[in-house]
1. Using a 10 Å cut-off on Cβ atoms, rank the peptides A:131-144, B:212-225 from the highest mean neighbour count down.
2. In region B:325-372, what trypsin sites (Lys or Arg not before Pro) fall in a loop by DSSP, with at most 15 other Cβ atoms inside 10 Å?
3. Note down the relative contact order for chain A as a percent, whole number, built from C-alpha pairs under 8 angstrom at least six residues apart.
4. Keeping the other protein chains in place, figure out the carbon and sulfur percent of the accessible area of region B:168-314, with a 1.4 Å probe.
5. Could you tell me whether region B:22-119 comes out rounded, prolate or oblate from its Cα gyration tensor? Rule is a ≥ b ≥ c as square roots of the eigenvalues, rounded for a/c under 1.5, then prolate if a/b exceeds b/c, otherwise oblate.
6. Just the number, please: carbon plus sulfur as a percent of the accessible area of region A:59-174, 1.4 Å probe, no ligands or DNA/RNA counted.
7. Using unit Cβ charges (K, R positive; D, E negative) and no other charged atoms, how large, in debye to the nearest 20, is the dipole of region B:672-790 about its Cα centre?
8. Ordering B:Glu372, A:Glu10, B:Glu695, A:Glu60 by accessible area with a probe of 1.4 Å, largest first, what comes out?
Amino acid sequence: MQVPARFEYEKATSVPHALALLERYGPDARVVAGGHSLIPMMKLRLAQPEALIDINDLRELAHLRVEGGELAVGALVRHAELLASPLVAEHFAILIDAERVIADPVVRNRGTVGGSLCQADPSEDLAAAFAALKADAVVTGPGGSRTVPLRGFHQGPYETVVEPGELLAELRVPVRHGAGSAYEKVERRVGDWPVAAAGALILIEDGLITEAGIGLTAVSAPGFTAPEAEDYLIGREPVDAVFAEAGRRAAAVCNPHADQRGPADYKRHLAGELTRRALRKAARRAAED
Amino acid sequence: MTTSTPMGFGRMHRKEDARFIRGRGQYVDDVQLPGMLHGAILRSPHAHARILSVDTSAAEALPGVKAVITGETLAGLGLAWMPTLSKDVQAVLATDKVRFQGQEVAFVVAEDRYIARDALELIEVDYEPLPSVIDARTALAEAAPVIRDDLDGKKDNHIFDWEAGDRAHTEAIFERAEVRVSQDMLYPRVHPAPLETCGALADFDKVTGKLTVWCPTQAPHAHRTLYAMVAGLPEHKIRVISPDIGGGFGGKVGIYPGYVCAIVGSIVTGKPVKWMEDRSENLMSTAFARDYHMTGEIAATQDGRVQAIRVKVLADHGAFNGTAQPTKFPAGFFHVFSGSYDIETAHCEVTGVYSNKAPGGVAYACSFRITEAVYLVERLMDVLAYELGMDPAELRMKNLLRADQFPYTSPTGWEYDSGDYPRTLALAMEMAGYDKLRAEQAERRANGDRRLMGIGLSFFTEAVGAGPRKHMDILGLGMADGAELRVHPTGKAVLRVSCQSQGQGHETTFAQIVAEELGISPDDVDVVHGDTDQTPFGLGTYGSRSTPVSGAAAAMVTRKVRDRAKLVASAMLEVAPDDLEWTKGRWSVKGDPKHGATIQEIALASHGAVELPEGVEGHLDATCVYNPPNLTYPFGAYICVVDVDPDTGQVDVRRFIAVDDCGVRINPMIVEGQIHGGLADGIGMALMQLMAFDEDGNHLGASFMDYLLPTAVECPSWELGETVTPSPHHPIGAKGVGESATVGSPAAVVNAVLDALKPYGIRHADMPLTPSNVWRAIQGRPIRTDLAIT
């Protein structure tokens, strides 16, 4: 029977209250939302926070809307809500693709977008999806809010720019009319963490690629992305050979590690192959739009 | 699906499902006793290390801790080591060394689970790490560290050598064969991973001296007898209760150290002690399955007539030899490996070795290692087909045993009871549309279709229902099973059986057997099992033996009741017993069917005022023990169709056709459910399940994050078919089916994937065929799936 060590529990009633609790308990407190990573880690005693600050009641972090040409995703939006949102489906097929392959319905009902990003697992699907979309993260602290590009949000495995005493409040993603996006993942079994996965965003004008975003996860791509491959795409035709070359360039920036999901060269191969596939699907969707 | 209740065999909903669906099952962890304490086990982080010291003082000082038990404590009671089911010994709590990662080192008893777990962190163990044996192929090397230096004079890691079949004859055939093909293959270490982990609640009553143990055991009576023999407790003062079990699959046959610890904990504290292991503990320390390194060879004529098979096996049994199987057979029933084919001769050599891994080897619906045997022969058949350029279905059809050869004595001495194999394979091929599938595959290959299509077959023969007493026992206990049937005055019945359901639906199936034999509704039969104070002695449920053995006992005891009823009826109807005839549920006078008595009327009369015939004491109740004359031999033909993406290595199982022949089907719905589960197991083993270890002996599959069970998403909609060849020696012609699909399906899936990869010149790759392993195979890279990926 797995049981956690002793900890204090506080239920925050507002964002200021949550911030006050974080300040009171200091760096050994952890924020809990869906709890689908934190609670198992506590039961395995890989994590032993002194206090949990439960933010599940903070409805002000659960918004999902388009405002000022951007999609605003509150940190407390559940995976299932993102997946079911017609707004998201209309503009961000990549998020629907990614959410479909994140864990299982039970986890998605409870797990949150913000929690997934703050957990900062090096194999997190949403890190790659939002990196491909060039999203911004809004972080709230005692001194107010600051905006951080998602590509700079993660500082390493299980590390983010969110300081003790701060909360991730929301993600903001520019709505690009006419853009196509897609997410491709290889997993050993449904619901597993990816062996490797790639997301792509593509905007085509007059037959040429005018904007491209690539997100990669589980392959140690710095910032979960591949800027050089993105640059390569700009001004080129959306054809298979171009996507394949972008895939090769994306794979080149990866530094995957061997584990039971596969050896490093296989994962690097997948980074290229899945980038190619995601770009191709994104381009097709852009054309259909 | 009919929901009406048949008066005997037929489809009906399971009687036990109402409580399971409504959350009213009663598992060990649901049992709460007043004053109950909780146990937790400290386990070794090392694969192999000497224990220099164990300091429990800080743990003992933690408020709420009631006892800390170490190997030293147990040594004082003579309980530090316990016998295994394979005549070895296993450490209950380590005294000298730890021999696998996850081995039991200390046991804490505390007021609640939290305190018990906190206390584990306060126990200080000083280890001196030792070199370990992780790769079984190095276990017998001169320089290998000796794992079992606790055994007198032990200087190596060798456990046993065992052989079966005719070596000389086999060698002679191989020498002159036109075609000889050899293939190394590994059946990797897997785990049954039942949803309910193991655990025990022990309650020793100091006043009465009675020990009650709630424990999810597949063999409650065997446990009771072993506790009596090992701990010296009088057997009548031990009661083992195996309540609802959340899956066993052979992993809940043996006695685990935690059970003994819970018992000792209760004796020491005078309170009931519950211990439930967590998922990682279950995967790391309880009975694994397989870990067979096999080199198979097949000899044949140029036109595909198989003449001989031989195989050398290196069997990794882990740190203690604790396989749960008939004692006489150290490699279980592996020697049934000549399979379903008319082969002149066969020979196998099996060498068992110790390694620094958890003990076990026989679990996970393996029918005492017939999974390994079937995988070997079915892979070899495909390897031969590959070399001969023959269609694998044609090769099988050409070599299958014919119906007129039964009963058939195999080259290794098995007597297959009945079968019509070509009929079953033909049905599977017809259901699959085999020729069409091959045509589609040829077309896709010709068109250069990037997505690869593969078609895989396997044909298996199982040997279940162990077994005849003269051949089969476990530590001297013969593998028979008992049944008692009590008929109440109103004609309702209670059947008590010695086997124990882990989800198989015994409460329904056995009620249907009684119903069929007695002509009453299954709703009127209650089946009692799992409590040694309530049921007759018998060896329990594993090796698909419930229906072949206990099912036979249930039929036989019901026939005894029917015979008694005949005597009572003869008194009631005032005719000679010989003048009565039986129609389902009723004895009536021959030639005068209106003149009769129903079983309910007879039951009432047997307890009533009617004058009973001499020798009939006044009830219909009966008991019996069934000692099976032979095993039963279910069989089946499986066809799997896959699509493989060579650029990612992903395998998609498109179709799976399974034609099973398990003799007479008592409840076809339950049979199909068993088959569905086993087919999913097969997909799991073939494509994802694996317990690998890194070079330091760290377990790389110790959670469901890493030990992957298949889901509905990976499983196609199963296409089932059946043929019925009754067992000639079983009272109702049933053969048992619990493990058939687990035994037969992995080879079909693997054969399908390798068939897809044929254009790359790949003849074999080991399970599990994960995306990365498929991709590596395509790259021509060697794979060792038992070791960490590097």
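The values are calculated or read from the model by the stated rules, or taken from the named source; none is laboratory data. What you see is a predicted model; the values in this text were computed from it and never measured. Cβ sites come from the backbone with ideal geometry, for glycine too, and all protein chains shown count toward neighbours. Please note that ligands, DNA and RNA were not included when accessible areas were found on the heavy atoms of the full protein model with its side chains. Shrake-Rupley method; radii C 1.70, N 1.55, O 1.52, S 1.80 Å.
1. On the way: A:131-144: 20.2, B:212-225: 25.7.
Answer by packing, highest mean first, reads B:212-225, A:131-144.
2. Hits after loop and neighbour filter: B:Lys328.
3. Working: 687 pairs, mean separation 44.9, N = 289.
Dividing the mean separation by the residue count of chain A yields 16 percent.
4. Details: 2340 of 4360 Å².
Within region B:168-314, the accessible surface is 54 percent carbon and sulfur.
5. On the way: a/c = 1.99, a/b = 1.32, b/c = 1.51.
The shape class here is oblate.
6. Details: 2250 of 4300 Å².
Here carbon and sulfur together make up 52 percent of the probe-accessible area.
7. On the way: 6 positive and 13 negative charges, 86 e Å.
The dipole magnitude comes to about 420 debye.
8. Details: B:Glu372 0, A:Glu10 45, B:Glu695 160, A:Glu60 85 Å².
Largest to smallest exposure gives the sequence B:Glu695, A:Glu60, A:Glu10, B:Glu372.
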